[in-house]
Amino acid sequence: MSQEYDSDTSDDFSKDELFDLKSVGDPITKEDPNSRYVRLMLDHSAFVRGIGNIKRWFNDEYIKQNFNTTSDPIVFNLYIPSYTLHEFDFVKKGTSITATNAREAIKFIDNYLENQSETVSGNIKYIMSLESPSEIPPTWAKCSKFKLYSPKIKDFPNYKTKFDSNLIAEVPHKENFLSNRESDSTSEQHTFEGSAESLAEMPARLKYLIRTCIYKRFIEKTQPRAKNNIEEWKLVTEDPITKVWAKSFGIDCVNVNEAELLIFQNYDVNSFRIYNPFSANDGFDPRNDVLQNKIDSTLYEYKTVKQEEPKVNLKKHHKRKPKSRDAKSIPYDGVVQEVKDNSSSDGTIKKEKFQAINYAPRGQGKLWRP
């Protein structure tokens with residue numbers, strides 16, 4: 001991927017085997033007030049690392065198992081930027097798992113757009129489309145106006161700010177300053193802190209994806225309009241570098257698993273907020289938040305637990321009659337105690353004996369055995 005494509009390559013991109021299928025799957029213009037809209041843009045890493053998950057979104061049996069039939073019907077709009085298809089061209093060659101998945105993704109997109117431009121499976125209506133030359137994204141100068149902040153090197157996992165393909169022709173220490181060992185340890189620490197606080201440089205070709213995302217998210221007049229933030233365009237990516245840069249421009253990002261949560265559970269991880277028990281006016285109820293649900297284990301019934309002594313093979317030792325001991329029982333009376341605590345919301349906290357063992361209730365059925 002060391003090769004960079006310039007801004008004029010969109011005219012030549014029609015040669016790609018997938019590009020001629022853009023005419024199908026245009027965005028819908030008729031609003032359905034009873035439907036929930038899911039709008040996702042997918043980069044190549046979402047396909048390469050999650051092609052199996054994406055295929056499941058179109059599987060009837062999987063949909064029946066995960067989709068609540070009482071929920072509103074879904075209009076599922078998948079948009080594939082030209083950046084994604086360009087990256088497929090770079091990674092599809094070879095016998096690696098990445099290349100194999102890239103070819104599988106191209107085949108999946110090709111077959112779907114050719115045979116099923118718009119399909120309905122149960123309560124889900126699918127619309128898949130590719131970026132067209134008629135969709136003119138803003139120039140990079142205009143995109144800079146949407147920038148919220150400039151990421152620093154320390155904001156990236158492992159301080160990695162460039163794609164691996166960009167490092168092929170570079171000396172390794174230029175990218176990873178952590179490996180630059182100096183004789184003076186004090187000077188080394190000073191260099192590390194200074195480098196971590198410096199501003200990161202965006203990979204050149206990533207600008208094409210950011211431009212497309214900004215166009216879809218902020219400029220294009222989506223029909224019908226999004227009723228809330230959950231229905232806005234979101235970027236599905238598995239690449240941490242792409243995620244940091246996209247978020248710096250106000251673009252919501254999800255990985256493949258989070259996208260599945262958005263589709264079937266109508267939950268957007270970008271709206272996650274940490275519950276503050278000391279704030280009474282934030283209007284946030286943790287009982288309604290899927291990531292904040294907690295189970296009070298002290299409400300379960302406590303039972304006596306008998307702990308048998310381990311059996312010891314005495315054949316190789318002196319034959320001595322083992323002492324008969326009854327199984328020890330761990331008392332469970334008074335396991336849970338309420339103690340006053342002014343720092344808690346209700347003025348009390350529950351304390352549990354350390355040695356007490358509490359079992360969650362089991363449902364009906366037989367245990368699995370190998």
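A few comments on the model shown:
- Between the beta carbons of A141 and K221, assuming R0 = 22 Å, the FRET efficiency works out to 0.50 to the nearest 0.05.
- Reduced Cα scattering model of region 47-138, Debye log10 I(q)/I(0), q = 0.22, 0.24 Å⁻¹: -1.16, -1.25
- Sorted ascending by nearby beta carbons within 10 Å, beginning with the fewest, V339, V236, V91 become V339, V91, V236.
- Each residue in T212, T98, T161 was given a count of other beta-carbon atoms within 10 angstrom of its own, and listing them fewest first yields T98, T161, T212.
- When the listed pairs K147/K234; K55/K147; K145/K243; K55/K243 are checked against a 26 Å cut-off, the alpha-carbon distance exceeds it for K55/K147.
- Amide H within-cut-off set for R36, under 5 Å, with H built and near neighbours excluded: I74, V75
- Listed residue pairs exceeding 32 Å between alpha carbons, taken from K92/K160; K221/K247; K154/K350; K92/K216: K154/K350
Every number here is computed from the coordinates shown, using simple stated rules; none is lab data. What you see is a predicted model, and the numbers here were worked out from it, not measured in a lab. A quick note on method: Cβ atoms are made from the backbone with ideal geometry, for glycine too, and the neighbour counts reach across all protein chains shown.
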